[in-house]
1. Through the Karplus equation 6.51 cos²θ - 1.76 cosθ + 1.60, θ set to phi - 60°, convert the phi angles of the stretch 37-53 into ³J(HN,Hα) values in whole Hz; use x for Gly and Pro.
2. Tell me, what is the per residue accessible area of the stretch 29-124 in Å², probe radius 1.4 Å?
3. Identify, among A113, G77, T101, the residue whose Cα sits farthest towards the positive end of the charge dipole of the stretch 47-119, taking +1 on the Cβ of Lys and Arg and -1 on the Cβ of Asp and Glu, with the dipole about the Cα centre.
4. Roughly speaking, what is the stretch gain from I100 to V68, that is 0.36 nm per residue apart minus the C-alpha to C-alpha distance, in nm to one decimal?
5. Sort 112-121, 72-81 by the packing proxy (mean of other Cβ within 10 Å over each peptide's residues), most packed first.
Amino acid sequence: AIGFQDPCENVQECLCTAMAVVQPPSLIEKLGDVAEKVGIALAVVKGLLPGGDFRLTTEKIRGVDQKVFSGLPPALGDTYNRWFKEYAEREWIIYGNERITFGEGKAIVDALAAELVGSFGVQR
């Protein structure tokens with residue numbers, strides 16, 4: 001039989017040691033996080049107000065009246081391209097130890113698009 005050996009003889013001491021390694025965020029870090037979240041909420045609210053990016057209108061699409069966002073580009077890719085450019089230096093994806101900025105993400109997306117067009121004949 002394989003036995004389990006506890007590296008800590010005193011579980012409470014082991015937990016206290018593990019907790020001491022993880023430092024809680026500082027007040028400045030917490031305030032920065034709150035400010036960022038408030039900024040995002042404000043941007044969404046402003047977008048919903050008259051004249052904002054998220055206002056709705058009705059347009060005929062293939063002969064059928066549809067609700068659409070009147071202040072946004074017609075294609076989702078246009079929106080992503082704006083974000084890739086505007087936030088090029090900011091981190092976009094974090095996975096484990098890997099970090100990809102918006103600018104690096106744009107290069108990856110462009111390479112994928114070129115491969116889909118060149119190798120698989122994908123068209124608009």
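1. These are the phi-based 3J(HN,Hα) values: 5, 5, x, 5, 4, 5, 4, 5, 4, 4, x, 7, 6, x, x, x, 5 Hz.
2. Per residue, the stretch 29-124 has 84 Å² of solvent-accessible surface.
3. G77
4. 8.4 nm is the gain from fully extending I100 to V68.
5. Most protected by this proxy first, the peptides run 72-81, 112-121.
The values are calculated or read from the model by the stated rules, or taken from the named source; none is laboratory data. Quantities reported herein were computed from a predicted structural model and do not represent experimental measurements. Don't worry about glycine lacking a Cβ; one is built from the backbone with ideal geometry, like all the others, and counts go over all protein chains shown. What goes into the accessible areas is simple: the full protein's heavy atoms, side chains included, and nothing from ligands, DNA or RNA. Shrake-Rupley method; radii C 1.70, N 1.55, O 1.52, S 1.80 Å.
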